[in-house]
Amino acid sequence: MTYQNILSEVKDQILYLTINREQKLNALNKATLAELADAVAFAGQSDAVRGVLLTGAGEKAFVAGADISEFSGYNAEQGEALARNGQDNVFNAIENCPKPVVAAINGFALGGGLELAMACHIRIAADNAKLGLPETSLGLIPGYGGTQRLSLLVGRGRALEMIATADMISAERAEKMGLVNTVVPQAELIAAAENILNKIKLRAPLAVAAAIKAVNAAFASEVNGFDVEIQEFGKCFNTQDFKEGTTAFLEKRKPAFSNK
Ligand code: COA
């Protein structure tokens, strides 16, 4: 698939995905979502990719939401399909990606943009970022998982305050609430995200994937997270990387993991 709306480049085992609709503040239209779905599936499958850095083009916006011009004429059925397809193909796919996905939030992260950042495993915000779920000001609610993920990240009271007031919050406040992991000066944003991914790259890839699965299970109602942890822990013992990691420790050297 050739991409018109996102930039995609693998460098040093990191897949850099940049939503590239700067004139529209990187709003998520259907074409952008389809390209993101394709890129995330590639990241999950490719041995050349150890992690994903997701950001928005320009200095003003990460993503200013779903593209309002595309759904303004929708009825209930179309709205439901829009949310379901987006959640299945993009937002849940990112959350379940076996490679860590880090959002580098470089400006407005609103509506679907904040939902996109919340679907990522780790969020780093630039100090100029503004975050919010303004859907109730459009007569809507968040539809790409925002009501669920925001509640899990910051608690019910704060989530409902943000959603019902439609207020934007600063990066600093988002960090205090646990909505983003860290805030850094804008000029240092990409380096800060790379720093995390470069550390993760030193760890055993299958163990990182297992950790993502087990942590996600803490928030999934259909499985028992403790059981998932037990199973994933057990599976690690069958990997070559477990042998390598423990042998390297005992031999007092750095491990060389093979993703096997
Ligand atoms: N959907 C479609 N287009 C959008 C958009 C969105 N979510 N967010 C911004 N844009 C477009 C604007 O329509 C404008 O396009 P134009 O130049 O062709 O008119 C362009 O991006 C720049 O946005 P603009 O509103 O002129 O910038 P601003 O600096 O005055 O305001 C925001 C910035 C983020 C406050 C404002 O764009 C905004 O409120 N966007 C919508 C946020 C939202 O409700 N998101 C949730 C959607 S579910």
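Structure notes:
- So I200, is it assigned to a strand (DSSP E or B), among the hydrophobic types (A, V, I, L, M, F, W, C) and either open to solvent by 30 Å² or more (accessible area, probe 1.4 Å) or closer than 14 Å to I105 by Cβ (or both): no
- Where strands (runs of 3 or more DSSP E) fall entirely within the range 61-157, those with at least 1 residues that are among the aromatic types (F, W, Y) and open to solvent by 10 Å² or more (accessible area, probe 1.4 Å) are at 108-110.
- Condition met for Q45 (more than 16 Å from the ligand (Cβ to nearest atom), open to solvent by 30 Å² or more (accessible area, probe 1.4 Å), out of contact with any strand residue (DSSP E or B) (no Cβ under 7 Å at 6 or more places or on another chain) and without any contact (Cβ under 8 Å) to a residue 40 or more places away in the chain): yes
- From E175, E232, residue being in a helix (DSSP H, G or I), of a type in the set (D, E) and in contact with a strand residue (DSSP E or B) (Cβ under 6 Å, 6 or more places away or on another chain): E175
- Listed by first and then second residue, the pairs with beta-carbon distance under 6 Å, at least 6 apart or on different chains, first residue in the range 103-128 and within 14 Å of A57 (Cβ to Cβ), second within 9 Å of the ligand (Cβ to nearest atom) and not in a strand (DSSP E or B), are G107/K60; F108/A64; G113/A64; G113/G65.
- Long-range neighbours under 7 Å by Cβ, at least six apart or interchain, first residue assigned by TED's automatic domain parsing to the domain that holds G145 within the range 69-84, second surrounded by 10 or more Cβ atoms within 10 Å (Cβ to Cβ) and in a loop (DSSP other than H, G, I, E, B): E70/N29; L82/Y74; L82/G143; A83/G143; A83/Y144
- Residue in the range 18-32 that is within 16 Å of the ligand (Cβ to nearest atom), free of Cβ contacts under 8 Å to residues at least 40 places away in the same chain, outside any strand (DSSP E or B) and of a type in the set (D, E) present: yes
- Residue in the range 169-178 that is in contact (Cβ under 8 Å) with a residue 60 or more places away in the chain and either assigned by TED's automatic domain parsing to the domain that holds T18 or of a type in the set (K, R) (or both) present: yes
- Of the criteria (1) within 30 Å of D12 (Cβ to Cβ); (2) among the aliphatic types (A, V, I, L, M); (3) open to solvent by 40 Å² or more (accessible area, probe 1.4 Å); (4) outside any helix (DSSP H, G or I), which one V223 fails: (1)
The values are calculated or read from the model by the stated rules, or taken from the named source; none is laboratory data. All values reported here derive from a predicted model rather than from experimental measurement. Quick reminder, even Gly has a Cβ in these numbers, built from the backbone with ideal geometry, and neighbours come from all protein chains shown. These accessible areas exclude ligands, DNA and RNA; they are computed on the full protein's heavy atoms, side chains included. Shrake-Rupley method; radii C 1.70, N 1.55, O 1.52, S 1.80 Å.
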